[in-house]
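Remarks on the structure that follows.
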Amino acid sequence: MNDILKIEKLNKKYPAFSLKDVSFDVKPGEIVGFIGRNGAGKTTTLKCIMNLVHYESGKISAFDTDMTQNELENKQKIGFALSELNYYPNKTIRQLMDVTKRFYKDFEEEKFHQVCKLFNLDLDKKLEELSSGMKVKYSVAIALSHKAQLLILDEPTSGLDPVSRDEILDIFREIVKNKDRAILFSTHITSDLDKCATNITYIHEGEIVYTGTKNIFVNSYLFVKDKTKNKSLEKEYIAYKELDDRIEGLIDVNNKDVFIKNKIQPQEPDLEEIMVYLERSKNNESFTL
C-alpha cells in the first residue's frame with residue numbers, strides 16, 4: 001500500500017468559500033500536519049474525506065480503494081474526531097463504548113480498557129466531565145481499539161495545557177512508530193508540528209500551497225532580524241515588519257547571500273514564523289507599524 005489516503009483535485013463550493021483542486025496524500029508512518037488560517041478549508045476537507053459533506057468533483061481514495069464506493073469498509077479502518085465531542089454528554093465513557101463497539105466488527109473491548117488505563121481515563125466519568133485533553137485521549141482510545149490504520153483529527157490539541165499537549169504528541173509518535181499507521185490532523189498550533197510532524201500540508205483560501213515533508217518546507221525559508229534597519233533590503237523579503245529596534249521578516253533561502261553581504265545573518269525559522277509571514281504576504285497585509 002503506497003498511500004493510506006489520497007485526495008485528488010477535490011472541489012467543494014459554498015457561496016462565500018470554495019475548495020479548489022485540493023490534492024495531497026498520507027503514507028504509512030507519516031504524521032501529517034494540516035495547517036492554515038481559520039476558514040482556510042481544513043475542516044471542510046476533513047469532512048469531505050469522511051463523506052460528511054458532498055463535494056462537486058475530485059477523487060478520494062483510502063487504502064487503495066475509492067472512498068465513496070467502499071465507504072463502510074474503509075471507515076472501519078479510520079479513527080475520526082472533530083474538534084469537540086458533544087454527543088451524549090451525560091453518558092459515561094463505559095456507556096459510550098458499549099454503543100460505539102457495535103459499529104466496528106474488529107472492536108476489542110479488552111484493548112479499549114487497556115488503553116483507557118494507560119491514558120488514566122475513568123470509564124465511569126461522563127463525557128461532559130472530561131477535560132479537552134481527556135476527550136482527545138478517548139477518541140484515540142476508540143481508534144486504537146478497532147485497529148484503525150488512519151487517524152483523522154480536527155484540532156486535537158486545541159485548548160490543551162502544555163503538559164496534556166505533550167502527552168498527546170507522544171501518543172501520536174508511538175502510534176506511527178511501526179510505519180503501519182498514519183495520522184492526519186489539522187491544527188493552528190504550529191509548535192506541535194515542530195515536535196511531531198513528518199509532513200506538512202498547507203492550505204490557503206481553499207487551495208493547497210504546499211504539501212510534502214516538513215524539513216523541505218522549513219528549509220525553504222530563513223528568518224531575518226536586521227538591527228541595522230537597512231531599508232534598501234525591504235524588496236528582498238517575502239514579508240517583513242518594522243519594529244522600534246529592528247526590521248524582521250521571512251526570506252527565501254536562495255536570497256540569503258544578499259543579507260550576508262550586508263553583514264546580516266539569517267536564522268532558521270520555526271513553523272509559526274513561516275506561516276505568519278506567508279499569510280501576511282498572500283493577503284497583502286502591511287507589516288509597517
Any chance you could give the angle, 0 to 90 degrees and rounded to 10, that helix 162-175 forms with the longest Cα principal axis of the chain? 70 degrees
Hydrodynamic calc, the stretch 84-199: Kirkwood Rh from Cα pairs, then Stokes-Einstein at 20 °C with viscosity 1.002 mPa s, so D in µm² s⁻¹ is 146 µm²/s
How big is the charge dipole of the stretch 30-80 about its Cα centre, in debye rounded to the nearest 20, if each Lys and Arg gets +1 on its Cβ and each Asp and Glu gets -1 on its Cβ? 280 debye
To the nearest 20 debye, what charge dipole does the stretch 37-123 have about its Cα centre, counting +1 at the Cβ of each Lys and Arg and -1 at the Cβ of each Asp and Glu? 240 debye
Report the convex hull volume per residue for the stretch 5-217, counting only C-alpha atoms, in Å³. 120 Å³
Debye intensity ratio I(q)/I(0), log10, the stretch 225-264, q values 0.18, 0.25, 0.30, 0.34 Å⁻¹ (C-alpha model): -0.41, -0.81, -1.16, -1.41
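How high is the relative contact order of the stretch 220-282? Use alpha-carbon pairs under 8 Å, at least six apart in sequence, and give a whole percent.
41 percent
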Restricting attention to the alpha-carbon atoms of the stretch 47-121, what are Rg (one decimal) and Dmax (integer), both in Å? 15.1, 44
Going through Lys101/Lys179; Lys42/Lys77; Lys59/Lys177; Lys225/Lys263; Lys47/Lys105; Lys91/Lys135 one by one, the pairs whose alpha carbons sit over 18 Å apart turn out to be Lys101/Lys179; Lys42/Lys77; Lys59/Lys177; Lys47/Lys105
Pick out, in residue order, every one of the chymotrypsin sites (Phe, Trp or Tyr not before Pro) in the stretch 42-97 that is DSSP loop and has at most 14 other C-beta atoms within 10 Å; say none if there are none. Tyr87
Report, in degrees rounded to the nearest 10, the 0 to 90 angle that the Cα long axis of helix 132-145 makes with the longest principal axis of the chain. 60 degrees
Relative contact order (%) - the chain, alpha-carbon pairs under 8 angstrom, separation at least six: 21 percent
log10 I(q)/I(0), Debye, Cα-only the stretch 1-68, no solvent, q = 0.13 Å⁻¹? -0.35
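Taken together, the values in this text are just the output of simple stated rules run on the coordinates, not laboratory data. If you're wondering where the values come from, they're calculated on a predicted model, not measured in any experiment. Cβ: placed from backbone, ideal geometry, glycine included. Neighbour counts: every protein chain shown.
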